[in-house]
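Only the coordinates and a few stated rules stand behind these numbers; no lab work does. All figures in this text were calculated on a predicted structure; none of them were measured in a lab. Cβ sites come from the backbone with ideal geometry, for glycine too, and all protein chains shown count toward neighbours.
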Amino acid sequence: MKKFIAIICLLVSVFSLSAKERQDSLILKIDKRNQTLVGAKTANRTLREELEMAFDKKGLVLTDSLWQNIRQAIKTDSDGDSSLSVRIGNSSVKIGILKSGVKYKSEINMKAKPGGVSIASSGKEEVRVGLDGVHVKDGNEETHVTWDGVYHREGNEVTKVIWGKDSTKIKRPNLYSRRGLNFYLGLNALPGGETEVAVPYPGAPAYVPNFTLDPMGSRYASIEISRFVTLSEGKKSAFRLGYGLEIDWYNFRFDHNRIATKGPNSVQFTTITSSTGKEVAMSKNKMSVSYLTLPIMPHFSFDKKSPIQMIAIGGYVSYRIDTWTKAIEEESGNLRKETSNLYVNPFRYGVRAEFALRHFPDLFFSYDLSPLFEPGKGPEMRGLAFGIRLL
């Protein structure tokens, strides 16, 4: 591999010189092993005679001092190739001294490609020379030599050496990642007005539902698989678009003994009476709604060492999966459970905000813009949830 790199560095210098001074340049190659001029048609001349003839064709003179420098370069004990560059008048002379001589042409495979030459070996090794510089690949490592510097890649780490500057290692910033499996846990609320709804039968009094909730017993839970795409990234922050799929549950626990039922025209709350006509107290009385939700969360991610690691403001759309009620009588322990749509809207949409803080659980807040019940089937109340994200 070292032989390939040495040969290519020589070829790059030759190509560069040829492109700049094609008309006023002399490029020669000397076989160091046999001390002959590569490409010479006659073999009965000495190396100096061959060089003098090549110089004379360009109208140049091989001086004694230049010849001594060439002889010294040939005699130098070196494992690699070398070169000499001199300027005689307005002409540039480039002399490459190749230890491997002309034999290197049969040891490697040279292929002409658009923009340069590819010198490939077996396996995963490849050396390519082009107008953009030299590209060397050895397994998982790649080195690219350009006119402004050297770039070496090993895995995800890139080492960059700029001519005239210190080397720097380019690493991806260690930013907060909103990706993977997330669990949300929080509390529910039902803001809105409890307006009168249709009476169950003609002449009956107007019925006003009671949506008073137990503040600590009304809980929200969600399981989400999230991903994101990076729209813009800097050294310390990035703007990303998060998306995913989640299943979430509203559990509205009522702070009274009325059970939510599906009436003929709207949702109603009814009480259970005993044989003596006394209202039966409930130890648990709740209405639950489950959704399949698609969240869309544009967010800013910051370095994991910063106090604020993420700020996200977005929205969601949902489809209702199921709705049910569950009530347990306080004295007898009898369970009353009913599965019904209770006129709950089949579709839901709203807004959500999330905040990731260092040394503190992630926070979330969501608010439904769509009403909980279908129009005219229940009061204009909307679901609200807030809490923490566990993962």
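Stretching the chain fully between Val229 and Asn44 yields a gain of 59.6 nm (0.36 nm per residue, less the alpha carbon separation). Local charge for Arg389 was computed over the other residues whose Cβ lies under 15 Å away, with Lys and Arg +1 and Asp and Glu -1, and equals 0.
For the pair Lys160 and Thr146 in one chain, pulling the backbone fully straight at 0.36 nm per residue adds 3.9 nm over the alpha carbon distance. Compared with the direct C-alpha span, the chain from Leu391 to Arg33 gains 122.1 nm at full extension, assuming 0.36 nm per residue. Packing, taken as the mean count of other beta carbons within 10 Å per residue, orders the peptides 67-75, 351-359, 287-295 from highest to lowest as 287-295, 351-359, 67-75.
Summarising the label geometry, the points placed 7 Å from Cα in the beta-carbon direction at Asn90 and Ile247 lie 8.4 nm from one another.
Counting Lys and Arg as +1 and Asp and Glu as -1 over every other residue whose Cβ lies under 9 Å from the Cβ of Arg240, the net charge comes to 0. Modelled spin labels at Ile321 and Arg336, positioned 7 Å past Cα toward Cβ, are 2.7 nm from each other.
Please compare each pair in Lys94/Lys160; Lys29/Lys58; Lys262/Lys284; Lys137/Lys235 to a cut-off of 25 Å on the Cα-Cα distance and tell me which ones are over it. Kindly include the intermediate steps, with their values, before the conclusion.
On the way: Lys94/Lys160 29 Å; Lys29/Lys58 16 Å; Lys262/Lys284 19 Å; Lys137/Lys235 28 Å.
Pairs exceeding the cut-off: Lys94/Lys160; Lys137/Lys235.
A simple count of charges around His359, restricted to other residues whose Cβ falls under 13 Å of its Cβ and scoring Lys, Arg +1 and Asp, Glu -1, yields +2.
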